[in-house]
Amino acid sequence: MYIVAIGWIYVVLMMSVTETSAIAGMMTFLLYGILPLTVILYLLNTPKRRQRRAEEEILRRRQIAADAANEPEQELSAPDS
């Protein structure tokens with residue numbers, strides 16, 4: 001996936017170098033290269049982010065359960081009056 005992104009950045013860089021002015025070159029690079037590429041990479045990484053978030057939730061729940069199992073039982077007693 002990243003090799004395609006690197007190739008796209010290269011192509012857009014070559015396009016921006018051939019623009020008539022520096023401003024046009026920067027806008028070409030940003031609007032044809034960086035902006036669409038960040039959106040595509042963000043969308044393609046969504047399943048990985050969801051999986052990582054689910055794994056972290058499972059680990060957090062296991063840690064809470066382990067902590068609860070290791071705590072000594074506290075007896076409830078009536079307050080002294």
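A crude spin-label estimate for the pair THR38 and GLU57, with each label 7 Å from Cα along the Cβ direction, gives 2.8 nm. Counting 0.36 nm for each residue step from ASN70 to MET27 and taking away their Cα separation leaves a gain of 9.5 nm. Karplus-derived 3J(HN,Hα) values for the range 41-57, using 6.51 cos²θ - 1.76 cosθ + 1.60 with θ = phi - 60°, are 5, 5, 5, 6, 8, 4, x, 5, 5, 5, 5, 5, 5, 5, 5, 5, 5 Hz; glycine and proline are entered as x.
Across the protein chains, with a 1.4 Å probe defining accessible surface, the residues VAL39, VAL4 rank VAL4, VAL39 from largest area downward.
The values are calculated or read from the model by the stated rules, or taken from the named source; none is laboratory data. Not measured: the values here are computed from a predicted model. Cβ coordinates were reconstructed from backbone atoms using ideal geometry, including for glycine residues, and neighbour counts include every protein chain displayed. Note: areas computed on protein heavy atoms with side chains; ligands, DNA, RNA excluded. Shrake-Rupley method; radii C 1.70, N 1.55, O 1.52, S 1.80 Å.
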